[in-house]
Amino acid sequence: MALKSIAQRWFINSFAVIFVILLAIVTGSGFVIHNFYYSSVRQSLKYRANSVSSTVLQYSENASNSSFYTSMRDYVESFPDKDFVELMAIDPYGNVSMTSSGFSYQKKDRMPDYNEALSAPDGTGYYVGRLSNGQKIMAVTQMVSVVNSEISAMRFVVSLENVDAMIFQLIMGISIVAVAVLALVLISGLLFVKSIVRPVRDIGTAARQIAGGDFKSRIQKVSNDEVGELCETINFMADELENSEKMKNEFISSVSHELRTPLTAIKGWAETLIDTENYDLATMKKGMRVISAETERLSGMVEELLDFSRIQNGRFSLVFQKMDLLAELGEAVLMYAEKAKRDNIEIIYEEPEMLPVIYGDKNRLRQVFINIIDNAIKYSDPGGRVKIDAFARDEKIMITVADSGCGISPDDLPMIKTKFFKANHTRRGSGIGLAVANEIISMHHGSIDIESTLNVGTTVIITIPIHNPEEDIEANAAISYK
Ligand code: ADP
């Protein structure tokens, strides 16, 4: 199908156009050559006719009637070019009275050139046609005004067979060149079309395999042109699909794992509490605390998954209001104080006096802080340090969370805000936390930048503009409402 349509298009757009041009060239040059040769012959006959008419005049002036006739006969019969041009003398009655060879003339042959010359002002007549024997000739008649004579006109007749043969040869030569050009165009065009069609077909096959789920399928790049570039793009697409499929599978397995851990703890404690008949209050409280904490963890994870799914569906929305960022950051830090102490990780946070009030979604921003601080603790080892700072600069509020944890390798760093991406599989987590956080901060027109050195630590810098364009939109809406 592809071969047919590309070849067809090439045939119409390229080959057919070249064919028409060559046809026009052959026809046009044939016409020009034909005209050139015929008009050359005609010119030369006319020239001879003019010169012979002046010779006839000279003869008539210098000779008596009878000697004129004799000298004319001698002149005609010994005409130098008589092998290929026939010279005739025509009497006043329109009959041929003398001829240099008589090779062509027969009584029944008409002489339209003579008739034309009779009525033409310059006394010249011209004719191209066939004799009764089928021979093609050109004839020119020139009237001669000789007083008292039996000659009224001189006529030159030349056979056109040789001229026609010459014209035919030339046109044939041009046609052969044209056919050779067409053949070359056809061969090179078909090779060219084939060189495109074959890789395109391979690309189609590979793309279908990829669409069918075979993400390992790759296309061999055969040329260094646009088709080659397309092969590379499709291979890149397959790489990306393979990668995202792998990340998705890892995501499913890590989420299942994440869900199972708290469920196991909840189930274990619930069964312990049911089975133990004489349990004491302390054990029961301990069990209930674990159940409550693990349930909290589960619902946090489910919330994160739901947020992620809302972002994917484009149904993730924020509730903007004037808010104090420090209050949310303080709360997030406080939430982790206990856990950090348990993990022997020091949290250093000197709350600044105040920060400008911003326009944002306080719950979502708190969620971002929780996520970033959680990561900082999660990817730090006991004895580590997490330093949190908040300050305003250049119309922006910046919050930095720097840890002395495992760090991120330079290869992984550009990917870590990508959904499902996990650089470190030894720690719990679904790989969507940063993707969700990044989306939330982007919706606040801010950014999350991450600097990290492997085995040294990571610094996450959250930047939020103090003047949020959403606020202006809302203010304008309020004014127009009034
Ligand atoms: P996860 O739930 O796996 O932590 P995130 O989206 O929050 O998912 O983070 C993506 C990945 O980025 C993590 O798997 C981890 O490899 C890396 N990462 C994030 N924060 C840190 C950090 N503070 N230190 C080291 N690695 C980090």
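The values are calculated or read from the model by the stated rules, or taken from the named source; none is laboratory data. Here the structure is a predicted model, which means the values were calculated and not measured. With ideal geometry, Cβ positions are generated from the backbone for all residues, glycine too; neighbour counts draw on all protein chains shown.
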Among the residues of the stretch 356-368, what is the count of those that are buried (at least 19 other Cβ atoms within 10 Å of the Cβ), touching a residue at least 60 places away in the same chain (Cβ under 8 Å) and either away from the ligand (no atom under 13 Å from the Cβ) or over 19 Å from Glu451 (Cβ atoms) (or both)? 7
Reported set for the stretch 216-261 where residues are within 30 Å of Ser430 (Cβ to Cβ) and of a type in the set (S, T, N, Q) is Ser217, Asn235, Asn243, Ser244, Asn249, Ser253, Ser254, Ser256, Thr261
Taking the conditions exactly as written (closer than 30 Å to Asn243 by Cα, within 14 Å of the ligand (Cβ to nearest atom) and surrounded by fewer than 13 Cβ atoms within 10 Å (Cβ to Cβ)), does Asp374 satisfy them or not? no
Among the residues that make up the stretch 202-222, is at least one of them modelled with pLDDT of 90 or more, more than 30 Å from Gln8 (Cβ to Cβ) and either out of contact with any helix residue (DSSP H, G or I) (no Cβ under 6 Å at 6 or more places or on another chain) or in a helix (DSSP H, G or I) (or both)? no
Is there a residue in the stretch 431-438 that is buried (at least 17 other Cβ atoms within 10 Å of the Cβ) and more than 13 Å from the ligand (Cβ to nearest atom)? no
Positions within the stretch 447-464 being within 10 Å of the ligand (Cβ to nearest atom), surrounded by fewer than 22 Cβ atoms within 10 Å (Cβ to Cβ) and aliphatic (A, V, I, L, M), in sequence order: Ile450, Leu454
Out of His425, His444, sole residue that is touching a strand residue (DSSP E or B) at 6+ places or on another chain (Cβ under 8 Å) and either within 22 Å of Glu258 (Cα to Cα) or more than 9 Å from the ligand (Cβ to nearest atom) (or both): His444
So for the stretch 147-158 (the condition being at negative phi, free of Cβ contacts under 8 Å to residues at least 40 places away in the same chain and not β-branched (Val, Ile, Thr)), does at least one residue qualify? no
In the stretch 407-422, the residues that are near the ligand (Cβ under 8 Å from one of its atoms) and within 18 Å of Ile461 (Cα to Cα): Gly407, Ile408, Asp412, Ile416, Lys417
Is there a residue being under 27 Å from Ile466 (Cα atoms) and either hydroxyl-bearing (Ser, Thr, Tyr) or part of a loop (DSSP other than H, G, I, E, B) (or both) anywhere in the stretch 322-342? yes
When the residues of the stretch 342-379 are narrowed to those that are among the aromatic types (Phe, Trp, Tyr) and within 23 Å of Arg393 (Cβ to Cβ), which ends up modelled with the lowest pLDDT? Tyr359
Could you please find all residues in the stretch 447-467 being over 20 Å from Gly384 (Cβ atoms), at pLDDT below 95 and of a type outside the set (A, V, I, L, M, F, W, C)? Pro465, His467
For residues that are touching a Ser or Thr at 6+ places or on another chain (Cβ under 9 Å) and of a type in the set (Gly, Ala, Ser), scanning just the stretch 379-406, find the one that is nearest to the ligand (Cβ to nearest atom). Gly405
Conditions: (1) more than 15 Å from the ligand (Cβ to nearest atom); (2) over 30 Å from Phe320 (Cβ atoms). Glu470 meets all but one. Number of the miss? (2)
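Residue by residue, here is whether (1) modelled with pLDDT under 90; (2) in contact with a helix residue (DSSP H, G or I) (Cβ under 9 Å, 6 or more places away or on another chain); (3) of a type in the set (A, V, I, L, M) holds:
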residue	(1), (2), (3)
Phe103	yes, no, no
Gln106	yes, no, no
Pro121	no, no, no
Leu131	yes, no, yes
Val144	yes, yes, yes
Ser149	yes, yes, no
Leu160	no, yes, yes
Leu170	no, yes, yes
Phe192	yes, yes, no
Somewhere in the stretch 223-239, is a residue assigned to a loop (DSSP other than H, G, I, E, B) and charged (D, E, K, R)? yes
Can you list residue pairs whose Cβ atoms sit under 6 Å apart, with the first residue in the stretch 331-355 being touching a residue at least 24 places away in the same chain (Cβ under 8 Å) and closer than 11 Å to Lys387 by Cβ and the second being basic (Lys, Arg) and surrounded by 14 or more Cβ atoms within 10 Å (Cβ to Cβ)? Count only pairs 6 or more apart in sequence or on different chains. Glu346/Arg385; Ile348/Lys387
